[in-house]
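The values are calculated or read from the model by the stated rules, or taken from the named source; none is laboratory data. Quantities reported herein were computed from a predicted structural model and do not represent experimental measurements. Here the Cβ positions follow ideal geometry from the backbone for every residue, glycine too, while neighbour counts run over all protein chains shown.
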Amino acid sequence: MTNPIITVVGSFAVGMTMRTVRMPIFGETLVGSDFDMGPGGKGSNQAVGTARLGASSYFAGIIGDDKLGEIAVDLYAEEGVDTTYLQRTDRLPTGVGIIILNEAGENGIILDMAANELMDATFVDNVESQIKKSDVVMSVLELPVEAAARAMELGRKHGVHTILNPAPATALTDDILRNVDYLTPNETELRILLDLPPDDPTPTAILAQRLRDRGVGNLIVTMGAKGSLLYTRDGMTAVSGVTVDVVDTTGAGDAFNSGLAIALAEGMGLVEAVRFANCAGALACTKLGVIPSLADRAAVQVFFERHYN
């Protein structure tokens with residue numbers, strides 16, 4: 001069996017993480033610990049995640065022509081991610097994310113996506129030949145919406161599975177949503193996609209149906225340890241989650257999407273694919289830092305068989 005081909009049109013940013021007891025308020029200085037700096041960006045994480053799970057992974061993105069950009073180059077060489085469609089620029093620096101963790105492993109993130117903001121539909125058009133021969137094309141919203149939307153459009157054009165991880169969330173038009181085979185928001189992102197406050201009290205099940213009715217192929221709402229809600233043309237299915245001792249949730253969403261992509265590319269049914277993705281996401285919560293937490297195929301497979309079979 002040949003490795004599935006997964007193309008990620010996505011973002012790279014260097015993540016700088018620190019743990020502290022709680023989020024500071026303006027004007028306050030807190031003492032932190034466990035500082036870590038390393039490669040991040042949701043698209044980049046998902047490219048690494050799919051490579052570790054056994055895909056031939058291609059990453060299309062833009063980084064700065066600076067020292068932080070070298071971190072991306074070194075990462076992809078080490079992880080076996082193809083960089084044919086990775087561009088470097090001197091117009092803007094490499095993206096950066098500042099991550100604060102509390103004692104429970106919950107996080108808050110501030111992003112300056114910098115060079116990623118240069119991505120547009122024309123950039124993605126140059127990746128069309130690669131998208132055409134892929135099993136799955138993935139994208140995120142840490143880059144301009146027009147770039148992510150074009151990746152979905154080209155995937156649909158060529159009959160390739162399209163996965164959009166709508167983070168950080170923003171309201172999207174129906175024209176964009178109709179090109180998405182698998183949309184994977186969490187409960188907060190679901191509300192923002194519907195142009196609602198992130199803490200809107202309407203039950204998640206009602207909101208999910210509302211969004212699915214706007215043309216999304218399959219809507220998968222991730223809910224952490226509670227699992228996921230699937231909305232397809234056949235109705236709603238709840239997929240139970242798995243419980244782990246949480247250290248850091250930062251990479252869980254990226255690991256989930258990586259697991260989903262590889263499972264779909266290998267022909268798993270949607271419920272089984274989401275179960276597999278749940279396991280990848282859960283394992284990512286057990287280690288500090290995103291890249292160290294992205295499990296390989298063997299680890300996810302064992303975890304999957306233990307919890308679901």
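Based on what the data block shows, is Gly15 assigned to a strand (DSSP E or B), small (Gly, Ala, Ser) and in contact with a strand residue (DSSP E or B) (Cβ under 9 Å, 6 or more places away or on another chain)? It would help to see each step written out before you state the result.
Details: assigned to a strand (DSSP E or B): yes; small (Gly, Ala, Ser): yes; in contact with a strand residue (DSSP E or B) (Cβ under 9 Å, 6 or more places away or on another chain): yes.
In short, yes.
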Of the conditions (1) small (Gly, Ala, Ser); (2) under 17 Å from Ala255 (Cβ atoms); (3) without any contact (Cβ under 8 Å) to a residue 24 or more places away in the chain, Gly10 satisfies every one except a single condition; which number is it? (3)
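Report whether or not Thr232 is of a type in the set (Val, Ile, Thr) and either touching a residue at least 40 places away in the same chain (Cβ under 8 Å) or closer than 22 Å to Tyr308 by Cβ (or both). Reasoning before the result, please.
Values: of a type in the set (Val, Ile, Thr): yes; either touching a residue at least 40 places away in the same chain (Cβ under 8 Å) or closer than 22 Å to Tyr308 by Cβ (or both): yes.
Yes: the conditions hold for Thr232.
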Number of positions in the stretch 99-125 that are over 14 Å from Ala167 (Cα atoms), part of a loop (DSSP other than H, G, I, E, B) and in contact with a strand residue (DSSP E or B) (Cβ under 8 Å, 6 or more places away or on another chain): 3
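This table checks each residue for (1) closer than 19 Å to Asp254 by Cβ; (2) of a type in the set (Val, Ile, Thr); (3) modelled with pLDDT of 95 or more.
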{"position": "Val137", "(1), (2), (3)": "yes, yes, yes"}
{"position": "Ala148", "(1), (2), (3)": "yes, no, yes"}
{"position": "Leu154", "(1), (2), (3)": "no, no, yes"}
{"position": "Pro166", "(1), (2), (3)": "yes, no, yes"}
{"position": "Ala171", "(1), (2), (3)": "no, no, no"}
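Output the residues belonging to the stretch 7-49 that are basic (Lys, Arg) and buried (at least 24 other Cβ atoms within 10 Å of the Cβ).
Of the stretch 7-49, the ones basic (Lys, Arg) are 19, 22, 42.
Across the stretch 7-49, the qualifying residue is only Lys42.
Quick check on Ala265: is it closer than 20 Å to Asn165 by Cβ and in contact with a helix residue (DSSP H, G or I) (Cβ under 7 Å, 6 or more places away or on another chain)? Step through it out loud before you land on a result.
Values: closer than 20 Å to Asn165 by Cβ: yes; in contact with a helix residue (DSSP H, G or I) (Cβ under 7 Å, 6 or more places away or on another chain): no.
So Ala265 does not fit the description; no.
Here is a list: Ala252, Ala280. Which entry is crowded, with 19+ Cβ neighbours inside 10 Å, modelled with pLDDT of 95 or more and within 19 Å of the chain's Cα centre (by Cα)? Reasoning before the result, please.
Numbers: Ala252 fails: modelled with pLDDT of 95 or more.
Exactly one of Ala252, Ala280 is crowded, with 19+ Cβ neighbours inside 10 Å, modelled with pLDDT of 95 or more and within 19 Å of the chain's Cα centre (by Cα), namely Ala280.
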